[in-house]
Structures are given as C-alpha cells and as structure tokens.
Amino acid sequence: MPRSIPFRFAIFAITGLCTVSHFGHAYAQTATAPTRAQGPVYIDVSQPQSDTRLLLPDARALQRPKDSPLPLSGVPIGPMPGQATMDTPSSDPYESAKTFHKIELDSLSQREGPSWLLPSEIDAQRRTDMEDPYYVPTTGATHLVPAIMPFRQRLQQKGFVFSFTYKGEAMANINGGIRRGMDYVHELTLQMNFDLGRMNSNLNGWSVHTLVMNRAGREVSHDRVGDYYVNLMEVYGLSGHVVAHLVDFYAEKKFLQNRMDVTFGRMSLTHVFATSPLICSFMVTCSAPVALKVDPGFAVYPKATWGSRVRFRATRDTLMQVGAYQVSPLAGNPSGWSWGSEDSTGLMLPIEFTWQPFLTRNRLPGHYMFGYAHDTSRYPDVLGAKPANLVVNANRLHSAPMDMFWFEGDQMIYRRGGRNQMAGGYLMAGYIHNTPHVSSISDEAYGGLSFNSILPNRINDRLGILYSWYHVSHRKELGQMMARDAGLSLGAQVLAPQTDSHVIEAYYAIDAFPGIVVQPEFQYMIRPGETSHIPDAALVGLKVISNL
C-alpha cells in the first residue's frame, strides 16, 4: 500500500536525528562482507549499484577497536555482572547454528512487525537480520585475573560459567540535605550458570542460574539527604547486612530452536520486566525505575520470589513476555533462604511488549517497551487511618489491588566502536503510573542519555546523564494534609504533606584497567523528602567495579 507524503515526512522527522549525528564519521563507499554472526544480508537488486552501496553500513562506525577484548561477534564470555541475570551468553560459540543459549531469541516469524511501516531506507532489518545482543558492559570488559582464563574456558566447555564481582560505592553530601558527610556501601556477587545440555545431551536447552551476594554499608539518602523513597546509592536495599543473600535460583528451558524460553524458580522481577542494561548503568534507577521498586508486588533486586515467565519473539522486531509471580512483603525473608517463612499476599501478573527497530544503514537499535502488571494483593488506602469526622465519605476508605503501567524507550543515535548494540550513544525516556488509591509514588517520568566514546580513543568509556521526576499520590498527600490540620503526627520521617521530588544524575564510567571500571558520580536532588522543607542536596561519589 503506498504511503502518503505527510506520513513519510513524519517518519523522517522522528528518525532524522539518527542519521545526522555520527561524530565526524565519513560514510564509507564500500563495506566488508558480513560474518555469520551478522546474519544474512538482503540487498534490493532492483536499485542501481551506487544506491545499493549507500545502504551498506559505514565501515568505520562498525570497526571494532584494536584493543577490544570482545570476540568478533561482540558478545562477551559470560556471565557478565553488568547484564541482567536473565540474559546469559551461551557456552557454545555464538556463531554456531546449534547454539541453545543465545542472548537474543530467534523469531517465530521471519516477517517484520511495526518496522514495516518505516520507509525502506530507514528500516535496516529489511536488508539484514540483527542478532547482536543488548547489554551494557558496566563492569570491565575483561577479567581482573587473566591467568585463570584457560581454566574458565575449560569449565565453559563443560557447561559451567561463573563471575565473582566486587562493587563499592562511596557518596558524600556536600551541600544541602540534612547533614554533610559520606556513606559507603559494597556488594560481593557470585553468579553461576550451568548449561545442562553440555553436561548431558538429553538436556539440550536446559540451564540453571544462581546468584548469591553479600551487601554491607549505609545509605546516604536516609542518613544525610532526608529521603526515604529514592535510594541514591544502588548497592543498598532489602537484603541488609547478610553474609550470603540468595537472590536467584531458577531453571530455564529454550524451546523451538531458540524461539521461545520459559523460566521458573526464584527470581527478581526487576531483572526481567521494566528494565534494561542502560537503566542499570545509573545508580538511582538500577535495576528498574523507583516508582516500580517501591511497589510491594514488584520484587526488586535482590528480593526474589517464586514465579515463572514465558518469552518469545513473534516477529523479527517484536518481543513479548508474560509472567506470574508470588507476592510477599519486600522486607520479608531478608536472607533469601527462608522460603517457608514468607507470607504470600497475592499474585503478580505482568505482561510486556517490546518493539526493537534497527534504523539507517548503520543499524541503530531502539528498544520501546510497553508493560502492564496487576497485583491481586489488597493494599490499604494511602489516605491513612483517620478519625471518621476528618474523612469526607469515610465509607469509601477501603483496600484495593494495584495496577502498574510503564513505558520505557531508548534509541541509539550514533554508532562508534563496533556492531554490537552497545557500541554507540543512546537517548532514553520513560513514564510509570501506579494506582494512586494504594500507591505512595503514583507517577514517575525520566529522560536522559548514555553516550560512549565522548573522549578520543576512549571507545569503552561511557557518559550517562539522567533526570527523574517522582510524584507522590494525591490521595496520600490529602491524607497527610488532613492529619496535619487535625494536629496528628505525620511520622518522624515526614516533615510536611508530600508532593514531588526531582533527581539529576551524571556519571562517567572509565574502563580503567582489565576487569576494573571506575565511575565518578554527581547527583543533585531537588526537594528531598518530597517537601519544600529541604530545598535540595548536592552529592558527589565514586563507584568501583572489579570483575574476577
């Protein structure tokens, strides 16, 4: 069906930014032949030869740095601690047609979905299949002790891969907040994945994933800034000071020759839904937006719960996943091992649809996620318990289940340093809405960027800037106003009826040494505690990640 001129103009207006910013890279007139990992290339032979060449990727943009530790496929030998644990590289060669555990699923249909609406000169998937994985090397691209690599490779061939990581964060409040000073937190993480197909050929497609961690330290948000909704340090949360907290313990089965997978066991929802590697490169939003992490039903890392998820790629540019998970209090079972002591309050039912286009001849990936989740647990009205004479229509004060909606999108706007999905710079944005009747944070919106290779010859370094807005439910604010007017206490942590707050975060991640990333941080929070009693707070800090 022919497209109208206004429609084509609108599409070009939206995607034009992707074609004009390549940081000085001249378009190449020739390109090398694609490897197997790139997939087959489809060229429209009806076009003149000169036009065909213009559709090929820019050879300079796709060129891998000489010192890159990544294999030709662009896929690191995993597991990499910077990845979500649900996405584990294969113990087989990535280029092998018999690989059961590729990061990206193959599609059920060879057709395109929404990308078909794009002009042919914008849509790169009409000419080639895109198999490069979506990950962020938030740890060093190699390992701290290269001498044990032969040992690791022998284990990998037998179906076992592991990663041991140290992550430390120091953050100091230098202005504003409730007091100046610095806090420190750290975590030690042991991640182990077992490819059962390698161990027994009758179990092809099966794997088992485990993750155990130790965390210790204090949170600067509580101690020095005065906010109890937003954790400004990533390595702080529900596990507390536990020597060995069990985070993940689940099995995975790949079906239909890598076209569908099912996971079941104990896992964190925020490593499965409403997340991305880009989000988790920031301290405040890792591993999901704050508005979801404060919801009791959305088991936030390192909180794990019993559940199962089914994931499949309907077309080459779309991904769908659905799940069902037990809901238990976020603060329950702090060790992760006491499964029998957990109180189940309901069932979480999430569903998420992702559109993943590749734009222009340089194959600039985008990820646009639309999600919804229903928590059957009944939560108290956030208006709060008040004397009946203070509440208008008091009989309407009742508990209710919770619904969550989210949109999260990112789009690469330039490519530099290779052909994998993280070799370039991204713009990103998102919006989250929770049921205001029973949610403390009803809305969140964020926007930012994640750029690599800002400095010359620093291909593996990454700059990130993110602005986030958090809105307290009007229902909760109304309850606090009525309590204040009646002379009731709002609690030691609440200085006034709460409305909203804002956070600006900026980091520069330096791939300093093999296996080590050093990441200076700056954060500026407006209205800590979601009131005007504390105007702002400015913080500086440092994150260090070391990967054995």
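Okay, here's what the table says:
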read-out: In the stretch 398-430, the residues that are open to solvent by 20 Å² or more (accessible area, probe 1.4 Å) and farther than 20 Å from GLY371 by Cα; value: HIS398, SER399, ARG416, ARG419
read-out: Residue match in the stretch 490-509 (condition: of a type in the set (Ser, Thr, Tyr) and closer than 30 Å to MET402 by Cβ); value: yes
read-out: Breaking point among (1) surrounded by 23 or more Cβ atoms within 10 Å (Cβ to Cβ); (2) out of contact with any Gly (no Cβ under 9 Å at 6 or more places or on another chain); (3) under 28 Å from SER501 (Cα atoms); (4) touching a residue at least 60 places away in the same chain (Cβ under 8 Å), for ALA288; value: (4)
read-out: Answer from SER344, SER308 - the residue that is outside any strand (DSSP E or B) and in contact with a Ser or Thr (Cβ under 9 Å, 6 or more places away or on another chain); value: SER344
read-out: Unique residue being assigned to a strand (DSSP E or B), modelled with pLDDT of 90 or more and open to solvent by less than 30 Å² (accessible area, probe 1.4 Å) when the list is ASP183, ASP223, ASP227; value: ASP183
read-out: Any chance GLY491 is open to solvent by 50 Å² or more (accessible area, probe 1.4 Å), on the phi > 0 side of the Ramachandran plot and part of a loop (DSSP other than H, G, I, E, B); value: no
read-out: Boolean, HIS433 is assigned to a strand (DSSP E or B), surrounded by fewer than 21 Cβ atoms within 10 Å (Cβ to Cβ) and not aliphatic (A, V, I, L, M); value: yes
read-out: Residue match in the stretch 523-530 (condition: out of contact with any Phe, Trp or Tyr (no Cβ under 8 Å at 6 or more places or on another chain), of a type in the set (S, T, N, Q) and open to solvent by 10 Å² or more (accessible area, probe 1.4 Å)); value: no
read-out: Checking GLU444 against (1) open to solvent by 40 Å² or more (accessible area, probe 1.4 Å); (2) closer than 18 Å to ILE279 by Cα; (3) in contact with a helix residue (DSSP H, G or I) (Cβ under 7 Å, 6 or more places away or on another chain), the condition it does not meet; value: (1)
read-out: Within the stretch 494-522, tally of residues that are within 17 Å of VAL235 (Cα to Cα), surrounded by fewer than 16 Cβ atoms within 10 Å (Cβ to Cβ) and at pLDDT below 95; value: 0
read-out: Counted residues, the stretch 466-475 - those being farther than 14 Å from MET428 by Cα and open to solvent by 40 Å² or more (accessible area, probe 1.4 Å); value: 3
read-out: Where a residue in the stretch 313-341 is more than 14 Å from SER268 (Cα to Cα) and without any contact (Cβ under 8 Å) to a residue 12 or more places away in the chain and its partner, wherever it lies, is surrounded by 15 or more Cβ atoms within 10 Å (Cβ to Cβ) and among the polar types (S, T, N, Q), with Cβ under 8 Å and at least six apart; value: SER341/ASN333
read-out: Test: PRO357 is modelled with pLDDT under 90 and over 26 Å from ALA299 (Cα atoms); value: no
read-out: Identity of the residue in the stretch 252-270, touching a Ser or Thr at 6+ places or on another chain (Cβ under 9 Å) and open to solvent by 20 Å² or more (accessible area, probe 1.4 Å), that ends up farthest from MET171 (Cα to Cα); value: ARG259
read-out: Any hit, the stretch 450-465, residues being open to solvent by 10 Å² or more (accessible area, probe 1.4 Å), at pLDDT below 95 and of a type in the set (S, T, N, Q); value: yes
read-out: Some residue of the stretch 323-330 being modelled with pLDDT of 95 or more, open to solvent by 10 Å² or more (accessible area, probe 1.4 Å), within 18 Å of GLY371 (Cα to Cα) and within 22 Å of the chain's Cα centre (by Cα); value: yes
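Conditions (1) surrounded by fewer than 16 Cβ atoms within 10 Å (Cβ to Cβ); (2) free of Cβ contacts under 8 Å to residues at least 40 places away in the same chain; (3) under 20 Å from the mean Cα position of the chain (by Cα), marked per residue:
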site: THR165; (1), (2), (3): no, no, yes
site: GLY168; (1), (2), (3): no, no, yes
site: MET171; (1), (2), (3): no, no, no
site: GLY177; (1), (2), (3): no, no, no
site: ARG198; (1), (2), (3): no, no, no
site: ASN204; (1), (2), (3): yes, no, no
site: SER207; (1), (2), (3): no, no, no
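Residue-wise test of (1) of a type in the set (Ser, Thr, Tyr); (2) at pLDDT below 90; (3) open to solvent by 40 Å² or more (accessible area, probe 1.4 Å).
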| position | (1), (2), (3) |
| --- | --- |
| ILE351 | no, no, yes |
| ASN362 | no, yes, no |
| PHE370 | no, no, yes |
| ARG378 | no, no, yes |
| ASN393 | no, yes, yes |
| ARG396 | no, yes, yes |
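The values are calculated or read from the model by the stated rules, or taken from the named source; none is laboratory data. Bear in mind that the values here come from a model prediction, so they are computed numbers and not experimental data. Quick reminder, even Gly has a Cβ in these numbers, built from the backbone with ideal geometry, and neighbours come from all protein chains shown. SASA here: full protein model, heavy atoms, side chains in, ligands and nucleic acids out. Shrake-Rupley method; radii C 1.70, N 1.55, O 1.52, S 1.80 Å.
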